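As structure tokens, the structure follows; a few thoughts come after it.
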4 protein chains.
Amino acid sequence: MSTAIKRQDTTAAYATPLVFEDDKLVRFHHCDPAGIIFFPQYFIMFNEMIEDWFTRGLGVSFADQVVTERVSTPIGRVECDFAAPSKIGDVLRFALRVDRIGTSSLKLRFEVRHGEEVRVRAALTLIRASLETMKSVPITDDLRRRMEQYLATGA
Amino acid sequence: MSTAIKRQDTTAAYATPLVFEDDKLVRFHHCDPAGIIFFPQYFIMFNEMIEDWFTRGLGVSFADQVVTERVSTPIGRVECDFAAPSKIGDVLRFALRVDRIGTSSLKLRFEVRHGEEVRVRAALTLIRASLETMKSVPITDDLRRRMEQYLATGA
Amino acid sequence: MSTAIKRQDTTAAYATPLVFEDDKLVRFHHCDPAGIIFFPQYFIMFNEMIEDWFTRGLGVSFADQVVTERVSTPIGRVECDFAAPSKIGDVLRFALRVDRIGTSSLKLRFEVRHGEEVRVRAALTLIRASLETMKSVPITDDLRRRMEQYLATGA
Amino acid sequence: MSTAIKRQDTTAAYATPLVFEDDKLVRFHHCDPAGIIFFPQYFIMFNEMIEDWFTRGLGVSFADQVVTERVSTPIGRVECDFAAPSKIGDVLRFALRVDRIGTSSLKLRFEVRHGEEVRVRAALTLIRASLETMKSVPITDDLRRRMEQYLATGA
């Protein structure tokens, strides 16, 4: 398993925010007739990152939330820059950081690298919402505390 | 065929920019366990709009460009706001407008409505690029003239 | 709209079964790094055909079934032969015929042609099932009568 | 990493064929409004299995074949039975076995289990083909020898 949960600054004397990382292989089915990732596939991969962050990074099963609690985190806003193309066979390092936690929304930052090269940078705003009513619901205190470990504080 | 190419202001005495429109049915395969469009599917639909705009709106076959000329328009930047969810069976009106034409890039605006309700607004920056080298290439004068008909001029 | 509902033998003096047809454009997002349709995309297109057959061919809204009645037709078995590849820009003629109607299952045949060339032939067995229990439910008499118009009778 | 390459019968005194196995998590993006895997997603997962079998099971990089050698293994025929639905959060065990190796074709068998329950069984016939000409090419002796380790011999 390639997932890593790391301190953002491992040399700091004080606690630094966590970052949730995972490697993803660029597969045949991600690629288009140009032989590179078709851009909507990145958003599917970001969604996988969100699932795995909940389940493995926050310790809150994403599937249970959808099936049992009927809450999820649909996307409210996307900003995304594609800096360089990715080809089949590339192994990409995805990193997820928390930028802001609101009452019922959440802003996440994604960075995708191939070695040192940045391929994609994105910010996604998620809305905590009921799957029954599709209305926003507050982020619970327990969930908020778990998320705050990943929150970039100041500076 | 639901496609429409319309003047943006049909009451104006002077020529107004064109807008490229099409209706799309929200299908079973677009939807997630919440019963609404899974957001990356919108980007696939925007890509369909770009294909059809080239072929039917600009009179330049998108497929021929990819297969014969080996040029395409990969995405450089996405900004997208999801204002309201869309459910299976909804018929959505997609509208494409041109916001800016650069040397080798192009900024398009998309609006998705269900009746009067805005569901999604997006801006996509496209890079004219060779599929052989993945490097940007200038937009030709002929293609530029065709695109300029859709360009929102001033105000 | 390219959809056609036709008698299978338009020269026959007697009533022949209906066939449900539609044209589909091979799009950029269907294609893989070989520049041809990635085969799972055909199954998504077959699913679109099933949706449209219910709604336009049988007069029973597929979306209403899913959302309101909570019944659908998940797939029990697939047999599919890929005879020749399809490229971006090809317009393919999809034809759907009914092969057998059981108590709660249904066998459909699909043929995909580009001009005279057969590209794909498939048989899909669908199970009428409740979306709440995921158990099979009988096909209602009303729905059965509508489907029987498409049933290849005899020979 | 969950991948396993195992002898099919670990109690046999003689060499038994290899089987290539991997676990896959059922994700949000695999599932439909019924909350279960949308069936074409299984074919995408079979394709992932084929990629990983080449790269990790046969020691022949799938990506290099596509990018450098320009050969691949498009699908000629699919037979697939869906025995039971799979829900978001399920971890499924995929197993790949070789059923037959021809001059330029290959028949693979897939079994998907959740614990002891069989969810899906499939047979896929792959055609070794040039990505330049889309014509079949012979399977090389070296590749054949690697594949034969997975071939169910007799009985």
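Summed for both chains, how many Å² of accessible area, to the nearest 100, are buried between D and C with a 1.4 Å probe?
Using a 1.4 Å probe, the pair buries roughly 2100 Å².
Consider just the alpha-carbon atoms of the stretch C:1-141 and return their Rg together with their Dmax, both in angstrom.
Gyration radius and largest Cα-Cα distance of the stretch C:1-141: 15.9, 49 Å.
Evaluated at 4 °C with a viscosity of 1.567 mPa s, what Stokes-Einstein diffusion coefficient in µm²/s does the protein assembly as shown have when Rh comes from the Kirkwood expression over alpha-carbon pairs?
So the translational diffusion coefficient is about 50 µm²/s.
With just the Cα atoms defining each centre, how far is the stretch A:52-102 from the stretch D:41-78? Give it in Å.
Rounded to whole Å, the Cα centres lie 27 Å apart.
Which residues of the stretch C:74-103 show a drop of at least 50 Å² in accessible area when all protein chains are present, compared with their chain alone (probe radius 1.4 Å, heavy atoms only, ligands and nucleic acids excluded)?
Checking the loss per residue gives C:Ile75, C:Arg77, C:Val78, C:Phe82, C:Ile88.
For the protein assembly as shown, what does -39500 (n - 2.57) per DSSP helix run (n ≥ 4), summed and divided by total residues, give at 222 nm, in deg cm²/dmol to the nearest 500?
For the protein assembly as shown, the value works out to -4000 deg cm²/dmol.
Return an integer: the convex hull volume of the alpha-carbon atoms of the stretch D:72-116, in Å³ per residue.
In the stretch D:72-116, the Cα hull volume divided by residue count equals 108 Å³.
Round to a whole number: what % of the accessible area of chain D belongs to carbon and sulfur, probe 1.4 Å?
Here carbon and sulfur together make up 49 percent of the probe-accessible area.
So for each of D:137-146, C:94-103, C:25-34 I average, over its residues, the number of other beta carbons within 10 Å; can you give me the resulting order with the highest mean first?
Going by the mean number of other Cβ atoms within 10 Å, highest first, we get C:25-34, C:94-103, D:137-146.
Which residue, C:Phe110, C:Phe46, C:Phe82, tops the fluctuation ranking in a GNM of chain C built on C-alpha contacts under 10 Å?
Comparing C:Phe110, C:Phe46, C:Phe82 in a Gaussian network model of chain C, the most mobile one is C:Phe82.
Any idea what % of Cα-Cα pairs in the stretch B:81-145 are farther than 16 Å?
58
In the structure displayed, which of C:Lys107/D:Lys87; A:Lys24/D:Lys6; B:Lys24/D:Lys135 lie more than 32 Å apart, Cα to Cα?
Those over the limit are B:Lys24/D:Lys135.
When the dipole is taken about the Cα centre of chain D, and only Lys, Arg (+1) and Asp, Glu (-1) are charged at their Cβ, what size is it in debye, to the nearest 20?
240
Per residue, how much accessible area does the stretch D:92-155 have with a 1.4 Å probe, in Å²?
The answer is 50 Å² per residue.
Determine the shielding of peptide B:20-33 by partner chains: average, over its residues, the number of Cβ atoms on other chains within 10 angstrom of each Cβ.
For peptide B:20-33, the averaged partner shielding equals 6.
Return the long-range amide H neighbours of A:Gly102 (sequence gap of 5 or more, or a different chain), with a cut-off of under 5 Å between placed amide H atoms.
A:Lys107
Starting from the Cα of D:Val137, move 7 Å in the Cα-to-Cβ direction to define the label point; list residues of the stretch D:84-125 whose amide nitrogen is under 16 Å from there.
D:103-106
In the stretch D:54-155, which GluC sites (Glu not before Pro) fall in coil by DSSP and have 10 or fewer other Cβ atoms within 10 Å?
D:Glu116, D:Glu132
Give the angle, between 0 and 90 degrees and rounded to the nearest 10, that separates the Cα long axis of helix C:40-52 from the longest principal axis of the Cα atoms of chain C.
Helix C:40-52 and the main axis of chain C meet at about 40 degrees.
Taking the Cα centre of the protein assembly as shown as the origin, how large is its charge dipole in debye, to the nearest 20, when only Lys and Arg (+1) and Asp and Glu (-1) carry charge on their Cβ atoms?
For the protein assembly as shown, the charge dipole is close to 0 debye.
Long-range amide H contacts for C:Arg119: which residues qualify at under 5 Å (H placed 1.01 Å from N, peptide plane, sequence gap of 5 or more or a different chain)?
Close amide H contacts, sequence-distant or interchain: C:Val112, C:Arg113, C:His114.
Taking a ≥ b ≥ c as the square roots of the Cα gyration tensor eigenvalues, with a/c under 1.5 meaning rounded and otherwise prolate when a/b beats b/c, else oblate, which class fits the stretch A:31-85?
It is prolate, given that a/c is not under 1.5 and a/b is the larger ratio.
Can you run phi through the Karplus equation (6.51, -1.76, 1.60; θ = phi - 60°) for the stretch C:83-92 and list ³J(HN,Hα) in whole Hz, with x for Gly and Pro?
Here the 3J(HN,Hα) series is 8, 7, x, 10, 10, 3, x, 5, 9, 9 Hz.
Starting from the alpha-carbon convex hull of the stretch B:21-62, give the projected area averaged over all orientations, in nm².
3.1
The values are calculated or read from the model by the stated rules, or taken from the named source; none is laboratory data. Owing to the predicted nature of the structure, the values given are computational and were not obtained by experimental measurement. Note that we place each Cβ from the backbone using ideal geometry, even for glycine, and neighbour counts take in every protein chain shown. With ligands, DNA and RNA removed, areas are computed over all heavy atoms of the protein, side chains included. Shrake-Rupley method; radii C 1.70, N 1.55, O 1.52, S 1.80 Å.
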